[in-house]
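What follows is a structure written as structure tokens; I'll ask about it next.
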Amino acid sequence: MTNELLQDIADSQMVLVGIGKEMEENYQGMNEDTFYGPLLAQAEEEKDRAAIIQYLRCHYVRRHPNPRIKKAYEKLTALLDGKNYFILSLSEDDYIFNSGLDRERIVTPCGGFRELQCTEKCNAEQESLVTDDKVILQVLEEIDNCNGDLSSVDFPVCTDCCGILWFNRIETPGYREEGYLTQWEKYTKWLQGTLNHKLCILELGAGMEYPSVIRFPFEKVAFFNQKSVFYRVHGKLPYLTEELSERGISAKTDAITFLSEEGNQG
């Protein structure tokens with residue numbers, strides 16, 4: 001993390017943060033793991049394989065949080081302490097919600113592991129999203145005690161069609177956007193208030209996955225707010241537009257490393 005960024009955040013009135021897929025858990029360690037490997041192999045044979053893999057990944061991040069990602073969020077939390085900020089995150093692993101950052105200042109339009117949904121358009125009288133974390137915790141405890149046999153796990157099902165419930169995530173068929181829309185409204189209202197204020201924009205690991213959500217809109221915000229400074233951090237795509245070159249700084253390093261390192265990077 002650069003000393004220049006620390007100073008710009010200290011001097012800013014508002015801070016806009018975008019978190020991309022570069023900061024997301026990649027789950028690569030699961031296949032080789034003696035606990036998860038056999039369960040993943042079983043899941044591949046199931047009709048609802050994609051949904052079951054979601055539950056296994058949720059179990060993985062809750063039981064074995066990535067220490068590098070966790071440390072990066074701890075640094076971001078300290079960096080934003082006392083500031084008027086909002087965070088737009090594409091990450092679906094939910095580490096951000098266990099970081100100490102204010103949940104009311106976070107929007108995750110790609111979803112995560114906090115809510116469940118049916119993939120069908122079922123009875124309108126039932127709630128479209130299952131928001132009770134106890135339902136998820138029950139499944140995770142059953143995975144804890146399954147002794148390598150997924151058939152002993154009672155995955156939650158829709159009360160109408162009896163189909164297995166998926167997590168409310170963008171890759172889920174029939175993804176229900178109402179899971180994030182309330183926070184999105186807060187975000188857009190907050191964003192409107194940044195004009196003519198000293199704004200520090202920090203884009204962390206947002207590549208070309210959903211560029212219309214972070215990269216392009218953030219460039220537009222920086223372009224119209226002449227009091228803003230723009231930091232783009234990415235291991236492969238840190239490049240800025242010519243219009244932002246005078247108020248923009250790019251760092252060609254992955255976002256997790258950028259946040260975790262101490263001192264000035266040059």
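The values are calculated or read from the model by the stated rules, or taken from the named source; none is laboratory data. Not measured: the values here are computed from a predicted model. Here the Cβ is made from the backbone with ideal geometry for all residues, glycine too, and neighbour counts use every protein chain on show. We work out accessible area using only protein heavy atoms, side chains counted, and drop any ligands, DNA or RNA first. Shrake-Rupley method; radii C 1.70, N 1.55, O 1.52, S 1.80 Å.
Tell me the Kirkwood radius of the range 119-204: reciprocal of the mean inverse pair distance over distinct alpha-carbon atoms, in Å.
Evaluated on the range 119-204, it is 16.4 Å.
Treating cross-link reach as a plain straight distance, find the lysines whose alpha-carbon is under 23 Å from the alpha-carbon of Lys71, omitting any fewer than eight places away in the same chain.
The reachable lysines, counting only those whose Cα sits under 23 Å from Lys71, are Lys21, Lys83, Lys236, Lys252.
Sticking with this structure for a sec: Provide the per-residue ³J(HN,Hα) series for the range 17-22, in order, calculated from phi with Karplus coefficients 6.51, -1.76, 1.60 and θ = phi - 60°, each as a whole number of Hz, with x at glycine and proline positions.
10, x, 10, x, 5, 5
A further question on this structure: Run down the aspartates and glutamates and flag those whose C-alpha is under 14 Å from the C-alpha of Lys134, throwing out any fewer than 8 positions away in its chain.
Within the straight-line cut-off, Lys134 pairs with Glu115, Glu142, Asp154.
So, in nm, how far is label Lys189 from label Val157 when the simple model puts each one 7 Å beyond its Cα toward the Cβ?
With each label point 7 Å from Cα toward Cβ, the separation is 4.1 nm.
Multiplying the sequence separation of Ala10 and Leu181 by 0.36 nm and subtracting their Cα-Cα distance, what value in nm do you get?
Details: separation 171, 0.36 × 171 = 61.56 nm, distance 3.03 nm.
Here the answer is 58.5 nm.
Okay, next question. Could you sort 110-116, 77-83 so that the peptide with the highest average Cβ count within 10 Å comes first and the rest follow in order?
Those peptides, ordered most packed to least, come out 110-116, 77-83.
What is the distance in Å between the Cα centroid of the range 188-209 and that of the range 26-52?
37
Next question, about the same structure. Keeping every protein chain present and rolling a 1.4 Å probe, give me the accessible area per residue for the chain in Å². If you can, show how the numbers build up before the last one.
On the way: 13250 Å² over 266 residues.
Roughly 50 Å² per residue, with all protein chains present.
For the range 10-63, evaluate the Debye formula with one uniform point scatterer on each Cα (no solvent term) and list log10 I(q)/I(0) at q = 0.13, 0.17 Å⁻¹, rounded to two decimals.
-0.45, -0.62
Residue separation times 0.36 nm, minus the C-alpha to C-alpha distance between Asn196 and Tyr210: what's the value? List each step's numbers first, then the result.
Details: separation 14, 0.36 × 14 = 5.04 nm, distance 2.73 nm.
Taking Asn196 through Tyr210 to full extension adds about 2.3 nm, to one decimal.
While we're looking at this one, here's another question. Please express the Cα-Cα pair-distance distribution P(r) of the chain as a list of whole percents, one per 5 Å bin, running from 0 to the bin with the greatest distance.
Each 5 Å bin holds this share of Cα pairs: 1, 5, 12, 16, 17, 14, 11, 9, 7, 4, 2, 0.
Which aspartates and glutamates have a Cα less than 14 Å from the Cα of Lys220, not counting those fewer than 8 places away in the same chain?
Candidates past the 8-residue exclusion: Glu203, Glu242, Glu243.
Also: How are the alpha carbon pair distances in the range 49-122 distributed across 10 Å bins from zero to the largest one, expressed in percent?
The calculated distribution, bin by bin, is 16, 46, 27, 9, 1.
Quote the FRET efficiency, to the nearest 0.05, computed for Gln28 versus Glu242 with a Förster distance R0 of 35 Å and r equal to the Cβ-Cβ distance.
0.40
Okay, moving on. In the range 120-210, what percent of the accessible surface is made up of carbon and sulfur (1.4 Å probe, ligands and nucleic acids excluded)?
That fraction is 49 percent.
On to the next question. For the range 98-251, report the translational diffusion coefficient in µm²/s to the nearest whole number, using Stokes-Einstein at 25 °C, 0.890 mPa s, and a Kirkwood Rh over Cα pairs.
In µm²/s, the coefficient is 132.
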